[in-house]
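Below: one structure, written as structure tokens.
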Amino acid sequence: MDVRQLRHFAAVADTLHFGRAAERLGMTQPPLSQSIMTLERELGAPLFVRTKRSVALTPFGAQWLTHVRAALDGVKALPEIAQQLRDGTAGHLALSFVSTADYSILPLLVRRYASLYPNVEISLTEATSNVQIANLLEGHGHVGLVIPPPNAALPRQLSYLPLVTEPLVAAVPESWITDGTLSLSADRLAPDSVVSAPLIIFPRQSAPAFHDLVTGYYTAHGGQARIAQEAIQMQTIISLVSAGMGIALVPASLRNLARTGVNYVDLAGTAPILETGITWRTGDTTPTIERFVSIAREMANGLK
């Protein structure tokens, strides 16, 4: 069975006349009749009831016609689909992201990309930066939204584009402010108050750059982080803050994650700056990935 036979069947079904169907197809009637009989033998059932005066679809033929037309429509669409895949306007994009990006650049980036290329299927997976980098190196996924290692020192097999930088703020239990456990000055938290409080943070092996940025703040202010709890998801970290387990230094965009019992407070003095960007396999790009990177680059330029 091939597409040519399906077209023959559909033409006869449309006209219910072998002569007119053959004319429409640009062929003579005998080869058309032979094609239909061959198709019926392959299917093991008659498609038409033939008399000297009329041709009619069998019940089987009428039911099968619906599927044949859908298949022919699919074949007809293949050249356009191929063009869209070549252009990167259709296909699939596997995007992974760190949990912090969910409250900053990720929604803007995905919304922009999806609005321009609605025929691209986007699959989103949350993962820490180290997991994303390992997956990309193993050939899994397409683009990762990561917190890069210091100085963006990614493996040479990966390209990197910085997207957004933002200061860290302190997520603190609201009760610690009301009961005086933490004191604010001009609505800011002083370094000595940060250093003296128990800390909730990502494990270093999961987010070394973020971990070192936070602990470096403690070192820079003459203290050492007293880690009370570790968690790999930002939502969990904020929940632990809400439970009064400690404070956390988080990106300023986490203010978008409202949680009862948690206050977000600016740090006094110079706050650490966190960078987030995208990474992908160098030289292993598709038109879909290229268009995504292009949009990300435009957005990054607009955010500067």
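The values are calculated or read from the model by the stated rules, or taken from the named source; none is laboratory data. Every value quoted in this text rests on a predicted model; they were computed, and no experiment measured them. Positions of Cβ are generated from backbone atoms using ideal geometry, with glycine treated the same way; all protein chains shown enter the neighbour counts.
Can you tell me which residue within the stretch 141-161, out of those that are touching a residue at least 24 places away in the same chain (Cβ under 8 Å) and more than 17 Å from Phe292 (Cβ to Cβ), is surrounded by the most Cβ atoms within 10 Å (Cβ to Cβ)?
Going through the stretch 141-161, the residues touching a residue at least 24 places away in the same chain (Cβ under 8 Å) turn out to be 141-150, 152, 154, 156-161.
Cutting the leftovers down to more than 17 Å from Phe292 (Cβ to Cβ) gives us 147-150, 152, 154, 156-157.
On the way: Ile147: 23, Pro148: 20, Pro149: 16, Pro150: 10, Ala152: 15, Leu154: 20, Arg156: 7, Gln157: 13.
In this case the residue turns out to be Ile147.
Filter the stretch 118-140 down to the residues that are more than 22 Å from Thr236 (Cα to Cα) and touching a helix residue (DSSP H, G or I) at 6+ places or on another chain (Cβ under 7 Å), then identify the one that is surrounded by the most Cβ atoms within 10 Å (Cβ to Cβ).
Only one residue fits best here, namely Val120.
Out of (1) surrounded by 12 or more Cβ atoms within 10 Å (Cβ to Cβ); (2) on the phi < 0 side of the Ramachandran plot; (3) more than 14 Å from the chain's Cα centre (by Cα), the odd one out for Gly74 is which?
(1)
Considering each residue of the stretch 37-56, count those that are in contact with a helix residue (DSSP H, G or I) (Cβ under 6 Å, 6 or more places away or on another chain) and aliphatic (A, V, I, L, M), and give that number.
So the count comes out to 3.
Take the stretch 69-108 and flag every residue that is among the aromatic types (Phe, Trp, Tyr) and either part of a helix (DSSP H, G or I) or not assigned by TED's automatic domain parsing to the domain that holds His140 (or both).
To start, the set of residues in the stretch 69-108 that are among the aromatic types (Phe, Trp, Tyr) comprises 97, 103.
Matches in the stretch 69-108: Tyr103 only.
Taking into account only those residues within the stretch 206-235 that are of a type in the set (A, V, I, L, M) and part of a helix (DSSP H, G or I), which is nearest to Asp192 (Cα to Cα)?
Once the filter is applied, the top-ranked residue is Ala220.
Taking Leu32, is it within 48 Å of the chain's Cα centre (by Cα), hydrophobic (A, V, I, L, M, F, W, C) and surrounded by 13 or more Cβ atoms within 10 Å (Cβ to Cβ)?
Criteria not met by Leu32.
Give the residue, chosen from Arg188, Arg204, Arg156, that is within 16 Å of Ile237 (Cβ to Cβ), among the basic types (Lys, Arg) and out of contact with any Pro (no Cβ under 8 Å at 6 or more places or on another chain).
Numbers: Arg188 fails: within 16 Å of Ile237 (Cβ to Cβ); Arg156 fails: within 16 Å of Ile237 (Cβ to Cβ).
Step by step, each of Arg188, Arg204, Arg156 is checked, and only Arg204 is within 16 Å of Ile237 (Cβ to Cβ), among the basic types (Lys, Arg) and out of contact with any Pro (no Cβ under 8 Å at 6 or more places or on another chain).
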